[in-house]
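To start, the structure under review is shown below, and the notes come after it.
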Amino acid sequence: MFNTILIANRGEIAVRVVRTARRLGIRSIAVFSDADANAMHVRHADEAHLIGPAPARESYLRGDVILDVALRAGAQAIHPGYGFLSENADFAEACAAAGIAFIGPPAAAIRAMGSKAESKRLMVAARVPTVPGYHGDAQDDALLAAEAARIGFPVLIKASAGGGGKGMRPVLRAEDFLAELAGARREAQAAFGDQRMLLEKYLQRPRHVEVQVFGDKHGRITHLHTRDCSLQRRHQKVIEEAPAPDLSDALRARLHEAAENAARAVGYTNAGTVEFIVEGDDAFFLEMNTRLQVEHPVTEAITGLDLVEWQLRVAAGEALPAHWPPAPQGHAVEARLYAEDPAQDFRPSVGRLSLLRLPKALRVDAGVQAGDAVTSFYDPMVAKLIAHATDRAAALDALLQGLGHTVVEGVTTNAVLLRRLLRAPAMRAGVPDTGFIAREAETLLRAPDPAPDLVVAQVAASVARGAGDGAWQRADSWQLFGVRETALRIDADGLPCRVVLRGGQAQVDGGEWFALPAARIAPEEDGVWRVTHDGTPHRLALGDAYAPASAAATADRRLNAPIPGRVVAMQCAVGDAVTAGQVLVLLEAMKTEIRLTAPRDGKVAAVNCAPGDSVDEGAELVSLA
Ligand code: ADP
C-alpha cells in the first residue's frame, strides 16, 4: 500500500479522500488555488501546496504543476477525485511516465470511454444496447439536421466530450434544431473546448439507472449493484438512490451484465460507473464514467464498503475479494445540497456561508463549513446528505428529517426543492422519470412560500412576551397603545412585516385579526427564529428596516449580472419592446449558460455589454425605459 498520496481535487471529494487515507494511515497531500488557501480540504490534509490562481484552468487543471508537486512531496500515487483531471487520459499517462500511480483506470480505458460518440461505437461492437442515433465524425449543420430528421424528433443533441449535462439540448421540433445546435456547441466549447456533437433519439419518460463497477489488475471485473439517478434538473442529478428500485430481476441482471461487459471491453480497472437509460423493459448504454461518482456514498451505504479504500488497494495491486459483490443491505438515498436558486433557473448563488448547520444523524459529505465562501470559480455544491435505512420509505423519511435540521444562510440553496421532491407522492410511489422536475416545475421550483402570517405573529408574540432570555424584554418598548396593544416589526425571510398584538389576537400588515396559538417559539442564541412550516424553512428576526419603496421600483428596471461571468449572446437591442420573463442576455458563469430575463415589460433603453465581455457581479447589463 502507498504511504503518501496526493489528491488532485478540492471540496467535498478531496476531504472525503483525506478521511479514508487517514484511517488507513496514509499521508495525504492537498493542492489548492489562490481562492482555496483556507479551504476545508487544505485544513484537513497533512500537507498542502499552492498550484495557481483561482480559475481551474490555471490550477486544478494544471496536470504538469500537480505532478511536479507530487514528485517533490514524495507522493507515490495521485487520486484525481471527480471532475478536473479525473477523466484526462493524458494526465493518467503522464503520471505513469513519472512513476506515480494514477488511482483510476488505465489511460487507454479513459480514452476509449472519453468520447460519448466513440464509446457508443465501441459498445455497439461489444453488443451492449445503445439508443438509436448518430455518432459519426462529420459535423456540418446540414448533415446533422438531416440525421436528426432521420432519427425523428424529438432528438437530443449531446456534446461528444460532454458531462454534467453541459452541451446537451433536447429539440422537439425540426425548426428549432439549428438554433439549439449552435447553443450546444457554444456551451460545449466553453466547458470542454470541443464542439463535436452526437444525436440521439430523445426518450420521453426514461429513468437513469447506473451500475457501479470495479476491476482489479488481475483481470477480475464485478458490479456493485445499481443506483437510480432519475431526479435531475437540467440533466444534472439532484437525488440518487441505491439500489435502483422497481426493476424486474431479469432487467437488473441484464444491467449488471451489460455493465461488466462494457468495462471488460475496454480493459477496465478501478472504480467506474456504467450509465443507462431505462424505459419500460429496455435499457440503453449512455456512457461510462471512468472515475468515482459524486453519488458513490449510496453504494457504500448498501454494500458497507469504502470505495475510496478499494480504489487505493486496487491501484496498489491488490485483488478484489472473491465474495464480491456483497449482497445489498437496505436502501440509501443521497440529496445534493447546492448553492443555487431553483426559482431563478438554478442560477448559482455565490456568497459567504454565514451559517451552515448540517444534520448530525446522517452521513454528510461536505467541503465547506460556516464562514467559507461559495465562489463562482467552482461547482456550487455545499454538501451531500446520505440516508441509509432498512427500506426506501424509511430512507426517504430520514433524509427529509435531516433536511429539516439543515440550515444554510448567506447563499440561496435548493433545500426547499429537495424537501418538496422527497415529499412528492410520485416519489413516494416509486422513482419518477428524468423529466419529472421539469414537468412539475410550477410546484417544485416556485419560490419558497413566504412565512405565513401565523408564524410571523407567533414570533412577534414570543418577542412581546419576552420569550427566551432577557434580551427580548426590550419588546416592551414597542408598546404603542397602553398595555393591551403592541406593535412590532418582524423581518420574515427578508420581508419586513408589521404585527399588532392585542389580547390573544394578532394582525399582520393591516390584514384580518386572528387568534394567536398559545405555543411560544423560542429564538436561537443569535436572536433569530428558524421555523419550518409545511416543509419550508423560514428565518425570522426582530426587524425595524422597511426598505424604501423607490429602491424596489428602480431595481425592477435593470437587468444586473447575478454573478461574475462572460456574456455569450445578447438577445435584445436598444428600442426593442420586451415582455417580463423574455430572455435578454445569455451569460456564461460557472461553466453553465444562464438565461437572464427581463424583470418586467418595457422598452430596452440601454444595452451596456456585448458578447465576449467579462462582467462583474452586479454589473448593469440592460436597462428598460
Ligand atoms: P452527461 O455526461 O452530460 O451527464 P449523459 O449522456 O450521461 O450526459 O446524460 C445525462 C442525462 O440526460 C441522463 O441521465 C438522462 O436523464 C438524460 N438523457 C441522456 N440521453 C437521453 C436520451 N437519449 N433520451 C432522454 N434522456 C436522455
Looking only at residues that are of a type in the set (D, E, K, R) and closer than 24 Å to Gln189 by Cβ in region 150-174, which one is nearest to the chain's Cα centre (by Cα)? Lys166
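For every residue, the table says whether it meets (1) closer than 27 Å to Met1 by Cβ; (2) at pLDDT 95 or above; (3) not in a helix (DSSP H, G or I).
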| position | (1), (2), (3) |
| --- | --- |
| Glu275 | no, yes, yes |
| Ile302 | yes, yes, no |
| Val308 | yes, yes, no |
| His323 | yes, yes, yes |
Pick out the one residue from Val298, Val308, Val278 that is within 15 Å of the ligand (Cβ to nearest atom) and under 24 Å from the mean Cα position of the chain (by Cα). Val278
Looking at (1) near the ligand (Cβ under 9 Å from one of its atoms); (2) closer than 30 Å to Leu586 by Cα; (3) not small (Gly, Ala, Ser), which is the one condition that is false for Glu210? (2)
Looking at (1) within 15 Å of the ligand (Cβ to nearest atom); (2) closer than 29 Å to Ala92 by Cβ; (3) part of a helix (DSSP H, G or I); (4) of a type outside the set (Val, Ile, Thr), which is the one condition that is false for Lys158? (3)
Boolean, His218 is in contact (Cβ under 8 Å) with a residue 60 or more places away in the chain, part of a loop (DSSP other than H, G, I, E, B) and outside the structural domain of Lys158 (by TED's automatic domain parsing): yes
Quick check on this structure: which one of Ala126, Ala117 is surrounded by 13 or more Cβ atoms within 10 Å (Cβ to Cβ), among the aliphatic types (A, V, I, L, M), away from the ligand (no atom under 16 Å from the Cβ) and not assigned by TED's automatic domain parsing to the domain that holds Met197? Ala126
Just for region 281-295: of the residues that are within 13 Å of the ligand (Cβ to nearest atom) and assigned to a loop (DSSP other than H, G, I, E, B), which one is surrounded by the fewest Cβ atoms within 10 Å (Cβ to Cβ)? Gln293
For region 386-411, enumerate the residues that are buried (at least 21 other Cβ atoms within 10 Å of the Cβ), of a type outside the set (A, V, I, L, M) and more than 15 Å from Thr532 (Cα to Cα). His388
Test result for Glu200, within 28 Å of Gln293 (Cα to Cα), among the acidic types (Asp, Glu) and touching a strand residue (DSSP E or B) at 6+ places or on another chain (Cβ under 8 Å): yes
So, in region 232-250, exactly how many residues are out of contact with any Pro (no Cβ under 7 Å at 6 or more places or on another chain) and either within 10 Å of the ligand (Cβ to nearest atom) or in a loop (DSSP other than H, G, I, E, B) (or both)? 10
Hey, could you check region 161-183 for residues that are within 11 Å of the ligand (Cβ to nearest atom) and touching a strand residue (DSSP E or B) at 6+ places or on another chain (Cβ under 7 Å) and say which is modelled with the lowest pLDDT? Gly164
Do we find that Phe153 is assigned to a loop (DSSP other than H, G, I, E, B), within 16 Å of the ligand (Cβ to nearest atom), in the same structural domain as Glu187 (by TED's automatic domain parsing) and not hydroxyl-bearing (Ser, Thr, Tyr) in this structure? yes
Within region 286-297, identify whether any single residue is modelled with pLDDT under 95 and either of a type outside the set (Lys, Arg) or in contact with a Ser or Thr (Cβ under 8 Å, 6 or more places away or on another chain) (or both), and answer yes or no. yes
For region 322-333, check the following and say yes or no: at least one residue is out of contact with any helix residue (DSSP H, G or I) (no Cβ under 9 Å at 6 or more places or on another chain) and either outside the structural domain of Ile110 (by TED's automatic domain parsing) or more than 16 Å from the ligand (Cβ to nearest atom) (or both). yes
Kindly provide the set of residues from region 109-132 that are part of a loop (DSSP other than H, G, I, E, B) and either without any contact (Cβ under 8 Å) to a residue 24 or more places away in the chain or under 15 Å from Gly163 (Cβ atoms) (or both), ordered by number. Ser115
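Those residues that are part of a loop (DSSP other than H, G, I, E, B) and out of contact with any Ser or Thr (no Cβ under 8 Å at 6 or more places or on another chain), I need them from region 563-572; list them, please.
Across region 563-572, the qualifying residues are Gln571, Cys572.
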So, of the residues in region 94-108 that are under 16 Å from Leu71 (Cβ atoms) and free of Cβ contacts under 8 Å to residues at least 24 places away in the same chain, which turns out to be surrounded by the fewest Cβ atoms within 10 Å (Cβ to Cβ)? Gly99
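The values are calculated or read from the model by the stated rules, or taken from the named source; none is laboratory data. Just so it is clear, the structure is predicted and the values come from calculations on it, not from any experiment. Every residue, glycine among them, receives a Cβ derived from its backbone with ideal geometry; neighbour counts consider all protein chains shown.
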